[in-house]
1. State which residue pairs qualify: first residue within 21 Å of Glu215 (Cα to Cα) and without any contact (Cβ under 8 Å) to a residue 24 or more places away in the chain and inside segment 74-98, second residue of a type in the set (Asp, Glu) and open to solvent by 50 Å² or more (accessible area, probe 1.4 Å) in any location, beta carbons under 7 Å apart, and separation of 6 or more residues or different chains.
2. So Ser123 ticks every box in (1) of a type in the set (Ser, Thr, Tyr); (2) under 30 Å from Thr43 (Cβ atoms); (3) in contact (Cβ under 8 Å) with a residue 12 or more places away in the chain but one. Which box is left unticked?
3. Would you kindly identify the helices (runs of 4 or more DSSP H) lying entirely within segment 123-237 that contain at least 3 residues that are touching a Ser or Thr at 6+ places or on another chain (Cβ under 9 Å)?
4. Does at least one position in segment 31-50 carry a residue that is farther than 23 Å from Gly231 by Cβ and outside any helix (DSSP H, G or I)?
5. Give the residues of segment 7-22 that are among the polar types (S, T, N, Q) and either over 25 Å from Phe143 (Cβ atoms) or assigned to a helix (DSSP H, G or I) (or both), sorted by residue number.
6. Do we find that Thr56 is out of contact with any Asp or Glu (no Cβ under 8 Å at 6 or more places or on another chain), among the hydroxyl-bearing types (Ser, Thr, Tyr) and either surrounded by 12 or more Cβ atoms within 10 Å (Cβ to Cβ) or under 20 Å from Gly231 (Cβ atoms) (or both) in this structure?
7. Could you tell me how many of the residues in segment 110-122 are open to solvent by 50 Å² or more (accessible area, probe 1.4 Å), within 20 Å of the chain's Cα centre (by Cα) and at pLDDT 85 or above?
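The values are calculated or read from the model by the stated rules, or taken from the named source; none is laboratory data. Just so we're clear, the structure is a prediction, and the values are computed from it rather than from any experiment. Quick reminder, even Gly has a Cβ in these numbers, built from the backbone with ideal geometry, and neighbours come from all protein chains shown. The accessibility values were calculated without ligands, DNA or RNA, using every heavy atom of the protein model including side chains. Shrake-Rupley method; radii C 1.70, N 1.55, O 1.52, S 1.80 Å.
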Amino acid sequence: MSALPKLNATPKHEMVVPSTGKTVMFRPYLVKEEKILLMAFETKDEKTAMQAMLDTIDACVEGDYVKSKLTTFDIEYMFTQIRGKSVGESVNVNLVCQECETKNEMNINLSELTIDVPKDVESTVQLTDAIFVELQYPPFKTFIDNFKEGVQETQFGFMVIRECIAAVISGEERIDVSEVSAKEIDDFIDSMTSDQIKLITDFVDTIPSLEKEVEYDCSNCGHHNELKLKGIQDFFT
């Protein structure tokens, strides 16, 4: 008996990983990956959906990247690019009028979305005369590992701060936070003054995200709306 033929030659495309600037190759996702994505999204479980997105990227991308080090904005951009080449480069989003709250459908071209990664962000901040912290954009994997349903916004914010700290420099010693417990890091953060924690939250505020400025006139009341779509959830809801 002859083996079944292969249906399609899978095309390859290039994209740049936003956090590293390195070019990688990727293919569209196939039915086997799409099924996993659809089932994950149908669960309405955010952690399951996040893991499915990460797994899809890992299945479709080849080149110089490390899965565990991909940032939140890497995932947003890379998944959007893969999705665009897989099922179409445009998506319809429902935008709520700021005046009458009527939903208006708008078509967004995914291929036009970009990530603006700031070039002049200070990644080492001084807390005292002898203590510095090295900061990093947190890997997406840490959000999956630490995600809890119904987590409070303040608790989530401090989790992000913790994940942004890569190392603590005390005098001549550099302490990699991956080598200490989460409790030690939390205690270190809790001991900061308001001015010290602000140095880190200022860095957190620079974490990039998918963004697009949109304008439209409401189909119901005619009000001219101007708003910013931000984050992958705004493009796929």
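1. Pairs that qualify, where the first residue is within 21 Å of Glu215 (Cα to Cα) and without any contact (Cβ under 8 Å) to a residue 24 or more places away in the chain and the partner is of a type in the set (Asp, Glu) and open to solvent by 50 Å² or more (accessible area, probe 1.4 Å), are Asn92/Glu105.
2. (2)
3. Values: elements: 140-146, 153-164, 182-190, 194-204.
Once the helices (runs of 4 or more DSSP H) in segment 123-237 are filtered for at least 3 residues that are touching a Ser or Thr at 6+ places or on another chain (Cβ under 9 Å), what remains is 140-146, 153-164.
4. Applying the first criterion (farther than 23 Å from Gly231 by Cβ) to segment 31-50 yields 31-32, 35.
After this cut, where a residue has to be outside any helix (DSSP H, G or I) as well, the list is none.
There is no residue in segment 31-50 that is farther than 23 Å from Gly231 by Cβ and outside any helix (DSSP H, G or I).
5. Asn8, Thr10
6. Values: out of contact with any Asp or Glu (no Cβ under 8 Å at 6 or more places or on another chain): no; among the hydroxyl-bearing types (Ser, Thr, Tyr): yes; either surrounded by 12 or more Cβ atoms within 10 Å (Cβ to Cβ) or under 20 Å from Gly231 (Cβ atoms) (or both): yes.
Against the criterion (out of contact with any Asp or Glu (no Cβ under 8 Å at 6 or more places or on another chain), among the hydroxyl-bearing types (Ser, Thr, Tyr) and either surrounded by 12 or more Cβ atoms within 10 Å (Cβ to Cβ) or under 20 Å from Gly231 (Cβ atoms) (or both)), Thr56 does not qualify.
7. Summing the residues that are open to solvent by 50 Å² or more (accessible area, probe 1.4 Å), within 20 Å of the chain's Cα centre (by Cα) and at pLDDT 85 or above in segment 110-122 gives 1.
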